[in-house]
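Following: one structure in structure tokens, then a few remarks.
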Amino acid sequence: MTTVLKFGGTSVATIDQIKNIAQNIKDRHSQGEKLVIVVSAMGKSTDHLLKMIHEISATPSKRELDMLLATGEQVTIPLLSTALKELGCNAISLTGAQAGIQTTDHHAKARIEFIASELILKHLEAGTIVVVAGFQGISATGDITTLGRGGSDTTAVALAASLDGTCEIYTDVDGIYTVDPRYNSKARKLHTISYEEMLEMASLGANVLETRAIEMAHKFNVPLYVGKSHTNLPGTHIIERNNTMESTVITGVSIDNNCLMASVKHLPFSQTNIANLFMNLASKNLNVDMISIAAPYNGHVTVSFTAEKNDVLEIQEVITNMKKELETIEITTNDQIVKLSVVGIGMVSHSGVAANIFRLFAEEDINYYQVTTSEISISYTILETDVQRSIEIISKAYELEM
């Protein structure tokens with residue numbers, strides 16, 4: 001069986017770290033494992049690339065951004081491949097395109113359509129360690145594309161699915177915690193978590209894994225493991241749901257700091273206008289969440305939703321274009337809010353979680369502006385200034401601490 005190992009940017013930030021990873025890879029390869037290694041750009045090199053291009057243009061095209069940002073991973077792969085060769089291993093570096101990763105043509109947010117894995121398989125059969133650039137692929141028109149935030153996770157899982165293998169994600173955290181330890185130093189590490197819970201936590205703000213990676217792992221039943229680079233600390237296994245998981249009401253809390261709340265006001269009320277609003281947002285490939293619609297008043301309605309902070313200009317552009325026909329509409333945005341979500345499969349068989357959290361918020365005078373629910377999660381938009389208190393009271397109420 002093939003094992004895909006993914007190392008994030010902080011894991012390959014220096015040459016010494018790359019050499020250390022190479023030694024660990026050699027040790028595993030010498031035990032007969034077939035290994036594909038997916039790597040991110042070194043440290044903060046992506047930020048450096050962005051800084052350079054923005055010194056030239058405030059609004060560079062997404063195609064040129066993809067061309068530039070893809071070079072970050074293309075620096076890491078030959079360095080790691082060379083480090084492996086210095087240790088006596090057969091290794092080869094491949095860009096996303098060379099690895100056969102075919103994507104859609106949505107620059108900066110491309111999706112993997114399929115992987116032509118024949119070349120990788122050929123190298124694996126020859127006993128070669130294959131080092132692949134994460135975060136990137138190639139479209140049908142031959143353009144280099146990038147997969148968006150956390151795209152290297154998606155690359156790794158997609159390769160594991162294509163090769164019928166397992167996937168291990170190594171980063172700067174040693175597993176999945178009930179709460180981000182930056183907010184609660186007493187948070188417990190989870191030894192196992194279900195695909196569904198991990199997907200909810202990731203989609204609601206937990207930044208350890210990318211949502212598309214988890215979706216893909218679940219769909220293709222790819223065994224997934226998250227651990228810390230350069231240590232032997234045990235990590236977290238992401239597995240299928242089992243009955244024992246339902247005994248825990250709340251598994252964890254996620255925080256999404258990268259969201260804003262947009263309110264489209266004075267929209268003439270009709271189902272067509274509401275539909276057009278969201279169709280126009282979708283045409284920009286914008287992801288919206290936590291939609292709420294106020295009761296119509298004087299023939300107008302207010303529609304609110306959350307979206308990513310860096311999408312604010314495109315959201316405003318959509319409303320500006322709609323204003324040409326619907327002159328009354330206006331938009332306000334608030335980027336001082338945070339989405340806090342409680343997640344747990346135990347909610348399926350335990351009632352009253354929402355009521356209890358409403359009570360806790362009322363006792364602490366914590367305001368919330370929107371609430372959405374799923375079968376295993378409840379999300380609230382709250383002010384940034386209330387996040388720490390909210391986490392503390394929920395952690396204590398649901399035994400999320402050590």
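None of the figures in this text is laboratory data; all of them are computed from the coordinates on show. Because the structure is a prediction, the values reported are computed rather than measured. Using ideal geometry, Cβ is built from the backbone for each residue, glycine included, and neighbour counts are taken over all protein chains shown.
Sorting the segments 339-346, 382-389 by their residues' average number of neighbouring beta-carbon atoms within 10 angstrom, most packed first, yields 339-346, 382-389. Taking every DSSP helix (H) stretch of at least 4 residues in the chain, weighting each as -39,500 (n - 2.57) and dividing the sum by the residue count yields a mean residue ellipticity at 222 nm of -10500 deg cm²/dmol. Projected label points at N257 and Q388, each 7 Å from Cα along the beta carbon direction, are separated by 1.3 nanometres. The magnitude of the dipole of segment 113-262, with charges of +1 and -1 set on the Cβ of Lys/Arg and Asp/Glu and taken from the Cα centre, is near 420 debye.
I want the antiparallel fraction of DSSP beta bridges within the chain, as a percent rounded to 5. Taking every DSSP beta bridge with both residues in the chain, the antiparallel ones total about 60 percent. Working ranking of peptides 160-171, 289-300, 16-27 by packing, defined as the average number of other Cβ atoms within 10 Å per residue, highest first, is 160-171, 16-27, 289-300. Helix 387-397 and the longest principal axis of the C-alpha atoms of the chain enclose an angle of approximately 80°. Can you classify segment 2-172 as rounded, prolate or oblate using the Cα gyration tensor, where a ≥ b ≥ c are the square roots of its eigenvalues, rounded means a/c under 1.5, and otherwise it's prolate if a/b beats b/c and oblate if not? Oblate shape, in that a/c is at least 1.5 and b/c is the bigger or equal ratio. Think of each Lys and Arg Cβ as +1 and each Asp and Glu Cβ as -1; about the Cα centre, that makes the dipole of the chain roughly 520 debye. Gain on full extension, evaluated as 0.36 nm per residue between A140 and L233 minus their Cα-Cα distance, stands at 29.3 nm. Taking label positions 7 Å along the Cα-Cβ direction at both E125 and T71, the computed distance is 3.7 nm, reported to one decimal. Label zone of H300 (point 7 Å out along Cα→Cβ, amide N under 18 Å): in segment 316-345 this covers 319-333. Cross-link partners for K219 among the lysines, with Cα-Cα distance under 21 Å and sequence neighbours closer than 8 places in the same chain left out: K6, K109. Full extension of the chain between L326 and R188 gives 44.6 nm of extra length, using 0.36 nm per residue less the Cα-Cα distance.
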